[in-house]
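The values are calculated or read from the model by the stated rules, or taken from the named source; none is laboratory data. Because the structure is a prediction, the values reported are computed rather than measured. Using ideal geometry, Cβ is built from the backbone for each residue, glycine included, and neighbour counts are taken over all protein chains shown.
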Amino acid sequence: MFRLFFNAIQSVLGERLAGLAGLLHSAALLLLVGVWLLPPVMWGFRRWRSAYGIREAIVVQCWNCGYAGIPLGSDCRHCGRELKLPGLLRLSLGLRAWRTGRIASWVGALYNGLGLVCLYVFTIFFAYELDLFRPGPDLRKLFIAIGTIALVGSCVLFRRALSLHEAGPVARLSNLFFGLSALGFVLLFIFIASATAPVEGRYLGTLQHHGSEVTFNDLRVPVTEKGAGIEYLQIEQAALGYHRLFLLALEGAQRVEVPRDPVAAALLAHLGGAADRYERWGFAVRTRVERREFTKGVAYGVYSSGREITFQRLQ
């Protein structure tokens with residue numbers, strides 16, 4: 001299904017595909033860089049305003065007398081009646097008044113710092129998963145650019161939903177819902193980018209037989225009479241044209257796993273253990289081992305060729 005969709009896009013756009021993909025990719029890069037640079041720029045702007053005595057304030061109009069001004073409390077400065085402020089606005093005004101203290105400044109700095117760390121980790125992780133800085137062919141570049149634009153949109157919506165400004169609960173829930181929807185599009189385009197990735201001859205590392213042991217990148221195991229092998233997880237969806245390989249371990253007299261972060265390791269373990277369930281959903285999940293004997297002192301390149309792992313002797 002995906003292959004027919006890709007062919008339709010290429011036939012419709014034709015020679016314009018390269019120009020459109022390049023334009024959207026450049027726009028996506030600029031938007032992402034803008035998201036990264038906006039927090040420090042806004043911090044510097046607020047520091048400049050504060051240095052010149054310019055401060056932000058909220059103007060509220062009294063429902064009783066119509067007087068508009070900066071509230072100093074919950075009562076109107078003109079008629080003395082209660083302003084009947086929304087709860088979130090009361091919280092925002094209380095936080096603004098509380099910020100003059102040392103503890104408040106530390107709390108605010110911690111909240112903003114945590115938000116910045118989450119922003120940068122969130123965007124860098126998804127930019128890496130989208131292969132934003134090495135997009136490959138024009139069709140793949142097109143979908144990566146669209147996914148990055150959706151990522152920027154989700155960041156903007158999440159910021160609005162989690163800010164301490166005077167937004168109402170309905171607006172916050174709306175921003176959170178559309179932010180999660182945009183994040184769903186990002187995950188979809190990560191999947192599509194994986195389907196459009198070139199898979200023939202992808203280099204995975206170098207394997208070498210040293211006599212008593214075999215090394216593969218940073219892994220090493222004692223060798224056996226039957227040689228050594230690479231264990232990998234294969235995920236395939238034939239109808240969508242999706243297939244991907246994940247290296248799991250180097251096998252010899254022992255089995256040494258490929259180092260991964262705990263989340264990725266748990267996810268791959270789940271996929272391997274729930275293969276039957278994903279089979280019913282149309283995804284073929286298989287754990288395989290490519291094993292062979294290697295010549296002592298010769299280096300071999302390990303490649304993902306199509307849906308398998310292959311070894312090529314390096315000169």
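Numbers at a glance
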quantity: Condition broken by residue 48, with the remaining ones in (1) farther than 24 Å from residue 153 by Cα; (2) surrounded by 12 or more Cβ atoms within 10 Å (Cβ to Cβ); (3) modelled with pLDDT of 75 or more satisfied; calculated: (2)
quantity: In the stretch 32-46, the residues that are out of contact with any Gly (no Cβ under 9 Å at 6 or more places or on another chain) and of a type outside the set (Val, Ile, Thr); calculated: 32, 34, 36, 37, 38, 40, 42, 43, 44, 45, 46
quantity: Cross-chain or 6+ apart pairs with Cβ under 8 Å, the stretch 26-47 first and within 24 Å of residue 131 (Cβ to Cβ), then part of a helix (DSSP H, G or I) and among the polar types (S, T, N, Q); calculated: 28/148; 29/148; 31/148; 32/123; 32/148; 35/123; 36/123
quantity: Failed item in (1) out of contact with any Phe, Trp or Tyr (no Cβ under 8 Å at 6 or more places or on another chain); (2) of a type in the set (A, V, I, L, M, F, W, C); (3) touching a residue at least 12 places away in the same chain (Cβ under 8 Å), with residue 250 passing the rest; calculated: (1)
quantity: Residues of the stretch 225-256 that turn out to be more than 29 Å from the chain's Cα centre (by Cα) and within 13 Å of residue 289 (Cβ to Cβ), as a count; calculated: 7
quantity: Single condition residue 312 does not satisfy, out of (1) surrounded by 15 or more Cβ atoms within 10 Å (Cβ to Cβ); (2) assigned to a strand (DSSP E or B); (3) not charged (D, E, K, R); calculated: (1)
quantity: Evaluation of residue 152 against (1) more than 31 Å from the chain's Cα centre (by Cα); (2) modelled with pLDDT of 85 or more (one fails), failing number; calculated: (1)
quantity: Pair list, Cβ under 6 Å, 6 or more apart: the stretch 196-222 residue modelled with pLDDT of 80 or more, other residue buried (at least 17 other Cβ atoms within 10 Å of the Cβ) and part of a loop (DSSP other than H, G, I, E, B); calculated: 209/294; 213/223; 214/223; 214/252; 221/252; 222/252
quantity: Residue list for the stretch 274-309, filter: acidic (Asp, Glu), outside any strand (DSSP E or B) and in contact (Cβ under 8 Å) with a residue 40 or more places away in the chain; calculated: 293
